[in-house]
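Worksheet: the structure to be examined is printed underneath.
Here, each number is a calculation from the coordinates, and none is a lab measurement. In this text the structure is predicted, and so the values were computed from the model without any measurement. Please note: Cβ atoms are built from the backbone with ideal geometry, for glycine as well, and neighbour counts cover all protein chains shown.
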Amino acid sequence: MRYLVLSDIHSNDEALSAVLHRVKRKRFDRIICLGDFVGYAADPNKVLDRFRALPKTRFSIRGNHDKVVTGTDPGELFNPPALAAARWTAERLSKENLEFLRKLPPGPTIIDDLFVVCHGSPLDEDAYIFSDFDASMNFIQMDRMAAGVDVCFFGHSHIPSVFTLEMDGIRVEAIRGARAKLRLEPGKRYLVNPGSVGQPRDRNPRASYVLYDTVEGVVHFDRVPYDVEATRRKILRAGLPPVLGDRLVIGL
Ligand SMILES: [Fe+2]
């Protein structure tokens with residue numbers, strides 16, 4: 001099977017469209033989204049309408065922004081621009097899109113008995129995986145959830161990255177450049193972040209996604225340019241905090 005894995009689209013329709021255009025001629029069987037469909041940018045309905053109309057089978061879990069927008073979480077821990085964007089989004093979502101977000105299941109969960117997916121981490125859907133210590137705790141949790149499943153995809157940090165559990169410790173890699181290939185090796189375990197489609201935070205503004213080929217055992221990382229200025233203008237025109245547009249331009 002080949003999976004298109006997306007995360008953290010954050011209401012950025014230009015970025016989502018660019019990624020879907022890039023993968024148009026690539027072969028994949030299912031689409032997985034690791035949550036945070038909305039929040040930050042100005043096109044929550046366009047993003048959700050577009051995603052929900054995709055012809056492939058899809059599986060999605062909720063992100064922390066999706067929870068705040070639907071009222072599942074009060075957003076007390078959000079910074080002011082993020083909370084302002086969540087409130088702005090909640091007032092504008094169509095009934096169908098609000099319902100879609102409300103019905104998103106929490107992570108972690110196992111896809112086709114092959115790999116784990118979560119928004120933040122297998123231990124806690126709202127927690128970040130930043131360090132090798134965070135990763136080590138979550139490798140233990142993966143083992144508890146699904147012994148024999150060696151790969152987990154997570155989002156939330158918006159940084160394309162890989163944590164690899166090897167014989168002598170944990171290797172931490174930030175994925176750099178326009179493209180990268182991760183070949184999975186037997187005996188090792190992996191926590192993989194595909195990066196963010198709509199709000200990258202690794203100082204590279206290009207949209208990020210991965211294709212995972214479970215037969216070849218390869219994860220293909222890819223970055224896609226899109227019209228960042230158009231997204232920024234929409235944020236400003238919508239009256240959303242300008243800093244949300246500025247961050248898109250620098251990729252932070
Ligand atoms: Fe996010």
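A few notes on this one:
- Two-site FRET efficiency, residue 233 against residue 30, from Cβ-Cβ distance with R₀ of 30 Å, rounded to 0.05: 0.30
- Cα centroid separation - segment 153-192 against segment 14-50, whole Å: 23 Å
- For segment 90-189, averaging the sequence separation of C-alpha pairs within contact (under 8 Å, six or more residues apart) and dividing by the residue count gives a relative contact order of 21 percent.
- When the trypsin sites (Lys or Arg not before Pro) in segment 131-200 are filtered for DSSP coil states and for at most 14 other beta-carbon atoms within 10 Å of their beta-carbon, the remaining sites are 176, 188.
- Here the convex hull built on the C-alpha positions of segment 115-252 has a volume of 109 cubic angstrom per residue.
- Short-range pairs are left out: with C-alpha atoms under 8 Å and at least six residues apart, the relative contact order of segment 33-135 is 29 percent.
- Note on the chain: Kirkwood radius taken over Cα pairs, Stokes-Einstein applied at 37 °C and 0.692 mPa s, translational D equal to 183 µm² s⁻¹.
- Sequence-separation-based contact order of the chain, relative, with Cα cut under 8 Å and 6+ spacing, percent: 24 percent
- Antiparallel bridge percentage (DSSP; both residues within segment 99-209; nearest 5): 75 percent
- Relative packing of peptides 193-201, 63-71, 17-25 - highest average C-beta neighbours within 10 Å first: 193-201, 63-71, 17-25
- Cα gyration tensor shape of segment 71-184, rounded if a/c is under 1.5, else prolate or oblate by comparing a/b with b/c: prolate
- For a modelled paramagnetic label at residue 140, 7 Å from Cα along Cα-to-Cβ, the residues of segment 84-111 in reach, with backbone nitrogen under 20 Å, are 108-109.
- Counting lysine pairs in the chain that sit 8 or more residues apart in sequence, or on different chains, and whose Cα atoms lie under 27 Å apart gives 21.
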